[in-house]
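To start, the structure under review is shown below, and the notes come after it.
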Amino acid sequence: MANKKADVAIIGVGWVGGIIAAELTKAGLQVVGLERGHDRGIKNWADDHDELRYAVRYELFQNTANETWTLRHNIQENALPIRQLGSFLPGTGIGGAGVHWNGQTWRFHPRDFTMRTSTIERYGASAIPAGMSIQDWGITYDELEPYYDKFEYMAGIAGKAGNLKGQKITGGNVFEGPRSREFPLAPPPDTEIQAVFRKATTDLGYHPFYAPTANLPKAYKNPDGIERGACTYCGFCERFGCEVGAKADPLVTVMPVALKTGKFKVINYANAFAIKNDGKNAQSVLYYDGMGRVQEQPADVIVLGAYVFNNVRLLLVSKLGKPYDPVTNTGAVGRNYAYQTGGGGATVWLANTKYKRYMGSGANAVAIDDYNADNFDHSGLGFIGGGSISVGQSGARPIQSLSVPPGVPSFGRDWKVAIQKYYNSVVSVGFQGESPSYQYHFLDLDPNYRDKFGQPLVRITFDWEPNERAMVAYAGQKTLQIMQQMYPQATKAGIGPYSPTGPDLVQGGPGSLAAHYDTVPYQSTHNTGGAIIGADPGTSVVNNYLQMWDAPNVFVVGACNFPQNAGFNPTGTVGALAYRAADGILKYHKSGGSLV
Ligand SMILES: Cc1cc2nc3c(=O)[nH]c(=O)nc-3n(C[C@H](O)[C@H](O)[C@H](O)COP(=O)(O)OP(=O)(O)OC[C@H]3O[C@@H](n4cnc5c(N)ncnc54)[C@H](O)[C@@H]3O)c2cc1C
């Protein structure tokens with residue numbers, strides 16, 4: 001027997017599910033959240049400084065023994081299952097990955113939303129490499145701005161505006177799109193390392209600013225009346241829940257608001273595997289309960305907030321929308337999978353300078369945006385796109401933050417001497433780059449491998465392309481230049497050979513990417529695409545309210561909507577899209593069932 005019908009059923013209760021549940025229940029709708037993981041409650045994370053348990057053994061993440069993905073680098077290869085987590089770490093349980101994120105909260109640039117048009121306008125169509133399938137979003141920065149603002153005020157983002165209603169402000173990010181008002185909170189002071197970076201980049205003529213953070217620098221009360229205390233800079237953000245609730249996450253922001261209405265019911269251990277539909281509209285969600293039994297949740301509106309991979313998988317399994325075929329370049333579900341391009345950083349190991357690296361917070365960084373997006377002239381460079389450059393100080397935990405120069409043995413006496421010497425003396429300038437989309441980078445259902453319930457796994461087809469290799473090579477020269485300005489004496493020493501009494505050592509120069517995309521080392525949980533937004537139903541899955549072109553009572557929301565990925569972390573934009581979708585659902589509800 002099916003469950004009682006809800007106004008709205010949401011699959012997945014992370015940032016997307018939590019935001020939409022809060023907005024809809026405040027408006028009086030009855031909402032059911034189906035979450036495959038457990039109820040973390042408003043947990044006291046007092047035990048959270050257990051690096052082995054959370055950061056190394058991945059306690060909060062998806063268990064690949066239950067469900068994983070397969071990967072191939074191109075359509076000629078046979079895809080194989082990713083049997084251990086590595087490259088990315090999707091969450092499971094109430095709050096999703098929002099519980100164990102860092103809190104770096106960006107807005108994309110206005111140009112990011114019109115990447116194809118803007119590139120052609122400035123450089124001509126030939127600047128877009130063959131096979132690159134970048135698209136405009138079908139929504140502009142200005143249309144999304146009120147929703148960015150809503151997310152930032154809900155979460156309590158600290159930063160300094162660099163563009164207030166079109167007026168550029170030194171000290172903020174002067175390359176950002178216009179903000180309608182200042183950040184809700186001012187940023188914290190620079191750490192010593194960040195002060196060195198800020199001075200060096202200023203001296204080089206760049207425009208440093210404090211990167212927007214969801215780690216509260218002081219106590220904050222949001223527009224929903226939710227109060228949270230300040231960050232203690234314990235350094236356990238990424239991969240951990242926040243023990244004081246200073247890091248904005250769904251558990252301490254939107255969930256209490258939704259639950260307080262009495263109109264939000266969460267069903268845990270509800271693993272959605274299909275959406276019943278008649279080809280035009282959806283009727284219900286089918287899920288396995290905690291006992292492995294099939295259950296059914298009917299609803300007037302169904303929201304997919306189950307992260308990139310499962311949003312796409314649910315559409316494909318349910319035969320909702322037209323599956324993407326890369327060979328004929330038709331269909332949309334699975335199209336334009338992209339990621340985030342790393343590499344291109346520079347690192348220095350200082351012989352005689354010590355910083356308080358053990359302190360920090362996940363999003364604590366000073367950045368420049370001079371080499372992001374199209375903020376610099378790409379003429380003659382041989383690539384398009386760019387990325388943000390920053391010095392972060394997120395805390396140096398005792399297991400995974402022991403960086404030693406190349407040449408140091410990986411165990412034994414010399415390693416111990418080196419980690420003592422460098423624990424508080426290593427500084428990195430990082431680069432986080434765009435990931436354009438390509439005709440042959442996509443998601444589909446794997447024909448061979450299945451999850452523990454017998455459902456097909458998502459197959460990822462993805463690799464690094466020459467455009468990104470050129471971008472990273474260029475970025476590496478810029479981060480090394482900054483490092484040389486920060487620590488001129490280190491440059492003289494150059495890299496190696498390492499000796500325990502030796503001078504400063506620096507590593508950098510033209511950046512490079514692995515021969516092929518590698519799923520083993522952690523890179524980022526910034527997977528994008530597969531259910532993209534657009535103005536053309538032929539090449540996109542959802543309209544600019546995140547409503548399916550092919551099934552108006554289905555809304556698909558998250559980084560799956562990005563037609564390509566920008567040089568920033570995704571969640572500021574994911575949050576904005578979730579608020580936009582909530583508006584769309586309310587409009588749809590009032591309209592009596594049509595496209596909004
Ligand atoms: C270690 C780490 C650090 C990060 N740091 C940053 C950062 O600093 N800045 C930034 O912008 N982003 C960061 N991110 C990314 C950020 O966490 C995500 O963008 C964000 O959490 C996505 O929210 P979501 O609601 O779309 O998906 P999720 O948070 O993944 O939530 C989806 C929910 O759906 C559930 N679900 C999935 N499938 C099903 C199913 N079939 N049935 C029922 N439920 C299902 C999952 O269990 C999960 O709870 C980080 C991510 C990680 C892992």
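Quick one: which of 595, 586 is more than 16 Å from the ligand (Cβ to nearest atom), open to solvent by 20 Å² or more (accessible area, probe 1.4 Å) and assigned to a helix (DSSP H, G or I)?
586
Can you run down the residue pairs with Cβ atoms below 6 Å, 6 or more apart or on separate chains, where the first is in region 81-102 and under 14 Å from residue 39 (Cα atoms) and open to solvent by 10 Å² or more (accessible area, probe 1.4 Å) and the partner is assigned to a helix (DSSP H, G or I) and within 6 Å of the ligand (Cβ to nearest atom)?
What qualifies is 91/97.
Hey, does region 273-286 have a residue that's in contact (Cβ under 8 Å) with a residue 40 or more places away in the chain, away from the ligand (no atom under 15 Å from the Cβ) and under 26 Å from the mean Cα position of the chain (by Cα)?
Looking for residues that are in contact (Cβ under 8 Å) with a residue 40 or more places away in the chain, away from the ligand (no atom under 15 Å from the Cβ) and under 26 Å from the mean Cα position of the chain (by Cα), one finds none in region 273-286, hence no.
Any residue that is more than 16 Å from the ligand (Cβ to nearest atom) and either in contact with a Ser or Thr (Cβ under 8 Å, 6 or more places away or on another chain) or at pLDDT 95 or above (or both) - is there at least one of those in region 288-295? Break it down into steps so the answer makes sense when it comes.
So in region 288-295, the residues more than 16 Å from the ligand (Cβ to nearest atom) come out as none.
No: region 288-295 contains no residue that is more than 16 Å from the ligand (Cβ to nearest atom) and either in contact with a Ser or Thr (Cβ under 8 Å, 6 or more places away or on another chain) or at pLDDT 95 or above (or both).
Filtering region 33-52 down to residues that are modelled with pLDDT under 90 and acidic (Asp, Glu), which residue is least open to solvent (accessible area, probe 1.4 Å)?
So the residue we want is 48.
Can you pull out every residue in region 170-203 that is without any contact (Cβ under 8 Å) to a residue 12 or more places away in the chain and under 22 Å from residue 107 (Cα atoms)?
Selection gives 189 alone.
Every residue, every condition in (1) closer than 21 Å to residue 569 by Cβ; (2) of a type in the set (Gly, Ala, Ser); (3) part of a loop (DSSP other than H, G, I, E, B); (4) open to solvent by 20 Å² or more (accessible area, probe 1.4 Å), yes or no:
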| residue | (1), (2), (3), (4) |
| --- | --- |
| 111 | yes, no, no, yes |
| 118 | no, yes, no, yes |
| 126 | no, yes, no, yes |
| 144 | yes, no, no, no |
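Looking only at region 467-485, decide whether some residue is assigned to a strand (DSSP E or B), at pLDDT 95 or above and not small (Gly, Ala, Ser).
Looking for residues that are assigned to a strand (DSSP E or B), at pLDDT 95 or above and not small (Gly, Ala, Ser), one finds none in region 467-485, hence no.
Are there any pairs, at least 6 apart or on different chains, whose C-beta atoms fall under 9 Å, with the first in region 224-243 and on the phi > 0 side of the Ramachandran plot and the second open to solvent by less than 30 Å² (accessible area, probe 1.4 Å) and among the β-branched types (Val, Ile, Thr), and if so, which?
What qualifies is 225/257.
Criterion first (among the aliphatic types (A, V, I, L, M), surrounded by 14 or more Cβ atoms within 10 Å (Cβ to Cβ), out of contact with any Phe, Trp or Tyr (no Cβ under 6 Å at 6 or more places or on another chain) and modelled with pLDDT of 95 or more) does residue 457 satisfy it?
Taking the combined requirement at face value, the residue does not satisfy it.
Kindly list the number of the only condition in (1) modelled with pLDDT of 95 or more; (2) more than 11 Å from the ligand (Cβ to nearest atom); (3) not in a loop (DSSP other than H, G, I, E, B) that fails for residue 86.
So the condition that residue 86 fails would be (3).
Could you pull out the residue among 550, 536 that is of a type in the set (Asp, Glu), farther than 28 Å from residue 284 by Cβ and in contact (Cβ under 8 Å) with a residue 12 or more places away in the chain?
When all the criteria are applied, what remains is 536.
How do the pairs read when you match residues in region 329-343 that are at positive phi with residues anywhere that are polar (S, T, N, Q) and part of a strand (DSSP E or B), using Cβ under 9 Å and keeping only pairs 6 or more apart or on different chains?
Taking only residues 6 or more apart or on different chains, the pairs are 336/528.
May I ask you to list pairs of residues, at least six apart or on different chains, whose Cβ atoms are under 6 Å apart, with the first in region 557-571 being more than 18 Å from residue 471 (Cβ to Cβ) and the second being of a type in the set (Gly, Ala, Ser)?
The qualifying pairs are 557/305; 557/578; 557/581; 560/530; 560/531; 570/559.
Sort out which residues of region 128-140 are open to solvent by less than 50 Å² (accessible area, probe 1.4 Å) and either more than 17 Å from residue 438 (Cβ to Cβ) or without any contact (Cβ under 8 Å) to a residue 12 or more places away in the chain (or both), and write them in order of number.
The answer is 137, 138, 139.
Test residue 496 against the stated conditions and say whether it is modelled with pLDDT under 90 and surrounded by fewer than 18 Cβ atoms within 10 Å (Cβ to Cβ).
yes
Of the residues that make up region 53-66, is at least one of a type in the set (A, V, I, L, M, F, W, C), away from the ligand (no atom under 16 Å from the Cβ) and either at pLDDT below 95 or crowded, with 19+ Cβ neighbours inside 10 Å (or both)?
There is no residue in region 53-66 that is of a type in the set (A, V, I, L, M, F, W, C), away from the ligand (no atom under 16 Å from the Cβ) and either at pLDDT below 95 or crowded, with 19+ Cβ neighbours inside 10 Å (or both).
Against the definition (within 30 Å of residue 452 (Cα to Cα) and either at pLDDT below 95 or surrounded by 18 or more Cβ atoms within 10 Å (Cβ to Cβ) (or both)), how does residue 325 come out, yes or no?
no
I'm trying to understand the selection: among the residues of region 568-578, which are in a helix (DSSP H, G or I) and open to solvent by 10 Å² or more (accessible area, probe 1.4 Å)?
571, 574
Counting just the residues of region 520-566 that are among the aromatic types (Phe, Trp, Tyr) and not in a strand (DSSP E or B), which one comes out surrounded by the most Cβ atoms within 10 Å (Cβ to Cβ)?
Looking at the filtered set, the residue picked out is 562.
Suppose the filter is within 14 Å of the ligand (Cβ to nearest atom), on the phi > 0 side of the Ramachandran plot and of a type in the set (Ser, Thr, Tyr); does residue 307 pass it?
Yes; evaluated as a whole, the condition is true for this residue.
Which of the residues belonging to region 5-16 are within 6 Å of the ligand (Cβ to nearest atom) and at negative phi? Break it down stepwise before answering.
Initial filter on region 5-16 (within 6 Å of the ligand (Cβ to nearest atom)): 11-16.
Residues satisfying the conditions are 11, 13, 14, 15, 16.
Just to verify a result, which residue in region 103-127, among those that are among the hydroxyl-bearing types (Ser, Thr, Tyr) and free of Cβ contacts under 8 Å to residues at least 24 places away in the same chain, is nearest to the ligand (Cβ to nearest atom)?
Within region 103-127, the first condition is being among the hydroxyl-bearing types (Ser, Thr, Tyr), and the residues that meet it are 105, 114, 117-119, 123, 126.
Checking the rest, the ones that are also free of Cβ contacts under 8 Å to residues at least 24 places away in the same chain come to 117, 126.
On the way: 117: 25, 126: 33 Å.
Checking each candidate, the answer is 117.
The values are calculated or read from the model by the stated rules, or taken from the named source; none is laboratory data. Because the structure is predicted, anything quoted here is derived from the model rather than measured. Note: ideal-geometry Cβ built from the backbone for every residue, glycine included; neighbour counts use all protein chains shown. The protein model used for the area step is the full one, side chains on, heavy atoms only, and it has no ligands, DNA or RNA in it. Shrake-Rupley method; radii C 1.70, N 1.55, O 1.52, S 1.80 Å.
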